[in-house]
Amino acid sequence: LSQSTSCATALARNAMASTYDFVVGCGAAGVSGGLAVAVMNPLDTLKVRYQVSASSVAMRPFALEIVAAEGLWGGLYAPGILANFLGIGISSMGRVGCYPHVRDAMLDAAGASEKNAPVMFLAGLLAGGVGYFASSPVYQVKTLAQAEAGAIGADGVLTSGASKGEVPRFHGRSLAAGLAALGADGALLRGSGALMARGALLSAGMQLGYDGCKTASKRYGVMDEGFALHAAASTAGAFGGCLCSTPADVVMTRFQAAGMGGSNPYGSSLACAAAILKADGPLAFYRGFTPFFVRLAPVFIFSLPLTEQIRKLAGLGYM
């Protein structure tokens, strides 16, 4: 009886420890990711506004035009900032918080004793896809608010931006109002397939770069675990994530922005991708790559080392 009681107690403690690891790990990833992306919101807004614009000017003059006409806060910083914080916070719980659990489970299932690139990529793909699908409605409000961004006149009509001359449905409205507008259109999950694909590819490329860089550095004695390694790995993760996900990001942004008025000229994300390819060629799928990377690298350099430190302080150890 005493042995059974001891066994039950040990199982209960293990279950509590596993739950603690999962909750704290996901919480650390969510808070770190949300804070980082809120700080870098101007670059995210710039990326989205550039992707939906018909402007042929380069990125820098495009940004200067926005700041001159609307100001830095109104034109680039404020649009979609709360939805961005919450959306990325939710997705980071999957992309970063759940990733170690998925990776380790896959390694156990494969009977592998060491981490390897295919498992890192596949674990990142799965964890990221789930996280971004869960964040889809909030993330869509963020994208639409940024795509509609512009100065609003006294009559409530946009006087600048891609939707100039129209009454905004998302820009300048609360997150709750944005979600209600999507719900009224029956479009809460519109573009969720493209977002999930984008998030899964972003996560897969990020983890291949981040976890792969950390693993190789420690294996070959290049750098020990610590901030310097975490920062270098974050940069590698940002490049890998952008390289893998920018085409899906372009399709997602165009598809969601095309439905700002309630109806969408594209029947699906795939139809949108086909239209982009036909009209602009394959290089159009990497439009906005530079601001995407410039935004993502500082976000990862801020959020991933912070997540690692929170995990260490909470007694979980590094990822």
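Each Lys and Arg Cβ is given +1 and each Asp and Glu Cβ -1; about its Cα centre, the chain then shows a dipole of about 160 debye. Stretching the chain fully between Gln309 and Ala69 yields a gain of 82.3 nm (0.36 nm per residue, less the alpha carbon separation). First compute the accessible area of the stretch 56-192 with a 1.4 Å probe, then give the percent of it belonging to carbon and sulfur atoms. Its accessible area is 66 percent carbon and sulfur atoms.
Extending 7 Å from the Cα toward the beta-carbon at both Ala110 and Ala154 defines two label points whose distance is 6.5 nm. Accessible surface computed residue by residue for the chain, with neighbouring protein chains in place and a 1.4 Å probe, gives 43 Å² per residue.
Straight-line cross-link partners of Lys214 among the lysines, defined as a Cα under 28 Å from its Cα and at least 8 positions apart when in the same chain: Lys115, Lys312. Across Asn84, Asn116, Asn41, mean-square fluctuation computed from a Gaussian network of the chain (C-alpha pairs under 10 Å connected) peaks at Asn116. Ranked by the mean number of other Cβ atoms within 10 Å of their residues, highest first, the peptides 182-191, 215-224, 293-302 fall in the order 293-302, 182-191, 215-224. Spatially, the stretch 119-176 and the stretch 290-319 are offset by 24 Å when compared through their Cα centroids. Once C-alpha pairs closer than 8 Å and six or more residues apart are averaged by separation and normalised to the residue number of the stretch 5-136, the relative contact order reads 31 percent. Computed over the chain, relative contact order equals 22 percent, with contacts defined as Cα pairs under 8 Å that lie 6+ residues apart. Report the calculated FRET efficiency for Asp185 and Asp280 (r = Cβ-Cβ distance, R0 = 35 Å), to the nearest 0.05. It comes out at approximately 0.80. Residues of the chain were split at every exposed loop site, defined as GluC sites (Glu not before Pro) in a DSSP loop with at most 16 other C-beta atoms within 10 angstrom, and the longest piece left, sites excluded, is 1-113. Close amide H contacts of Ile152 (hydrogens built in the peptide plane, cut-off under 5 Å, sequence separation of 5 or more or a different chain): Thr159. Annotation: peptides 90-98, 153-161, 133-141, ranked by per-residue average of other Cβ atoms within 10 Å with the highest first, follow the order 90-98, 133-141, 153-161.
Placing +1 on the Cβ of every Lys and Arg and -1 on the Cβ of every Asp and Glu, with nothing else charged, gives the stretch 153-202 a dipole about its Cα centre of roughly 160 debye. Ranking Ala69, Met106, Val157 by Cα position along the charge dipole of the chain, where only Lys, Arg, Asp and Glu carry charges on their C-beta atoms, puts Met106 farthest toward the positive end. The order of the peptides 269-281, 117-129 by mean Cβ neighbours within 10 Å, most packed first, is 117-129, 269-281.
The values are calculated or read from the model by the stated rules, or taken from the named source; none is laboratory data. Please read all numbers here as calculations on a predicted model, not as lab measurements. Positions of Cβ are backbone-derived with ideal geometry, glycine not excepted, and every protein chain shown enters the neighbour counts. For the accessible areas, the whole protein counts, side chains as well, though only heavy atoms, and no ligand, DNA or RNA atoms are used. Shrake-Rupley method; radii C 1.70, N 1.55, O 1.52, S 1.80 Å.
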